[in-house]
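Step one of this worksheet: look at the structure below.
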Amino acid sequence: MPRNLEREIDDLREQVIEIKKLITESAKPPQEKVDTEDLLNLIKSDTAAKVLACIGNSDRLNILLALLKEPMTVAMLVEKHGYNSTGQVYHHLKPLLMADIIVEDKNAAKGTYIVKPQRVQGIIMLLKGIRDMTDIQLTKGELEIHAGAKMVDERYMATAEETQKIISTYFSSLNPPVLKEFPPKEKKKLVILRVISEQFEKGKRYGEKEVNQILKSIYEDHAVIRRYLIDYGFMERTRDCAEYWLTQM
């Protein structure tokens, strides 16, 4: 059956209008009084931490964005958004399902997922809050915060001068990079790991042997560097450690 491009454009226009409407609604001041104690209880009970951990991953956020735009099956997510397998998508869908953020669309074909309607505005409000919290001065002249950062704190407060000093102290060469020793202090580790992460191509998938080869040429104890690249969110990997890739920016 030939595609009805006119109909597809109309559908897309309706989706854009709906998303704009949701964003406009989220920008309105809340009608009900916010109970600060209730909000603090979300932290004390670990509820906030669990929800943020659930969505605090670039792949899960990308899936949420895709499903905000249109209902999709796992196969569609693999095809349209560059995932390697349905297993990889299911790995990220599971926590979103368990958190009751996405559900199967009962009005569509089996296995089609949507963001739960009553969760949409909450997600938009959360993103708006993150935007409001982001101060451009935070990274001006300081260590850039990478997309996969697990926690943003004083470790990122290295000035450009401090960063350059750390690099010159711990690297005997930068082209190619050769690391003399891996520092124990967290701030210095971040500087070192950022330099090392730049040796990998964005969007490329690496086998574990390929990652090890690259890291061995930089530092003898390549396994330590590989672990910290994952722990600090510079890279991600599949559960079986068969593939590694840079965190999406």
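Identify all residues within the stretch 224-249 that are touching a helix residue (DSSP H, G or I) at 6+ places or on another chain (Cβ under 8 Å) and of a type in the set (G, A, S); write none if there are none.
A242
Give the residues of the stretch 196-228 that are of a type in the set (S, T, Y) and closer than 12 Å to Y244 by Cβ, sorted by residue number.
Going through the stretch 196-228, the residues of a type in the set (S, T, Y) turn out to be 197, 206, 217, 219, 228.
Residues satisfying the conditions are S197, Y206.
Quickly run through the stretch 91-133 and pick out the residues that are in a helix (DSSP H, G or I) and hydrophobic (A, V, I, L, M, F, W, C).
Within the stretch 91-133, the subset in a helix (DSSP H, G or I) is 91-98, 117-133.
Passing the criteria: L93, L96, L97, M98, V120, I123, I124, M125, L126, L127, I130, M133.
Residues K80, K110, K106: which one is modelled with pLDDT of 80 or more, touching a helix residue (DSSP H, G or I) at 6+ places or on another chain (Cβ under 8 Å) and open to solvent by 70 Å² or more (accessible area, probe 1.4 Å)? Break it down stepwise before answering.
Values: K110 fails: touching a helix residue (DSSP H, G or I) at 6+ places or on another chain (Cβ under 8 Å); K106 fails: touching a helix residue (DSSP H, G or I) at 6+ places or on another chain (Cβ under 8 Å).
Answer to the check: K80.
Those residues that are modelled with pLDDT of 90 or more, of a type outside the set (K, R), closer than 26 Å to R239 by Cα and in a loop (DSSP other than H, G, I, E, B), I need them from the stretch 183-209; list them, please.
E198, Q199, F200, E201
Taking the residues in the stretch 18-70 that are among the polar types (S, T, N, Q), surrounded by 10 or more Cβ atoms within 10 Å (Cβ to Cβ) and outside any helix (DSSP H, G or I) as candidates, determine which candidate is modelled with the highest pLDDT.
S45
Could you check, for the stretch 214-225, whether at least one of its residues is among the acidic types (D, E) and at pLDDT below 90?
Our first condition is that a residue be among the acidic types (D, E); within the stretch 214-225, this holds for 220-221.
Then keep just the ones that are at pLDDT below 90; that gives none.
So far as the stretch 214-225 goes, no, none of its residues is among the acidic types (D, E) and at pLDDT below 90.
Among the residues of the stretch 100-118, count how many are more than 17 Å from the chain's Cα centre (by Cα) and under 19 Å from S58 (Cβ atoms). Don't jump to the end; show me each part of the working.
Keep residues of the stretch 100-118 that are more than 17 Å from the chain's Cα centre (by Cα), which gives 100, 102-118.
Restricting the remaining residues to those that are under 19 Å from S58 (Cβ atoms) gives 102, 113, 115.
Total satisfying the criteria: 3.
Please state which of the following conditions G233 fails to meet, knowing it meets all the rest: (1) surrounded by fewer than 16 Cβ atoms within 10 Å (Cβ to Cβ); (2) touching a residue at least 24 places away in the same chain (Cβ under 8 Å); (3) under 29 Å from V89 (Cβ atoms).
(1)
Is there any pair with a first residue in the stretch 100-112 that is touching a residue at least 40 places away in the same chain (Cβ under 8 Å) and a second that is surrounded by 10 or more Cβ atoms within 10 Å (Cβ to Cβ) and of a type in the set (V, I, T) whose Cβ atoms are under 9 Å apart and which are 6 or more apart or on different chains, and what are they?
I101/V51; I101/I55; I101/V115; I101/I123; T112/T73
Checking the structure you have, find out if any residue of the stretch 144-156 is at pLDDT 85 or above and surrounded by fewer than 16 Cβ atoms within 10 Å (Cβ to Cβ).
Within the stretch 144-156 (the criterion being at pLDDT 85 or above and surrounded by fewer than 16 Cβ atoms within 10 Å (Cβ to Cβ)), the answer is no, since none of the residues qualifies.
The values are calculated or read from the model by the stated rules, or taken from the named source; none is laboratory data. All values reported here derive from a predicted model rather than from experimental measurement. Glycine gets a Cβ as well: all are built from the backbone with ideal geometry, and neighbour counts include every protein chain shown. In case anyone asks, the SASA skips ligands and DNA or RNA and just uses the protein heavy atoms, side chains included. Shrake-Rupley method; radii C 1.70, N 1.55, O 1.52, S 1.80 Å.
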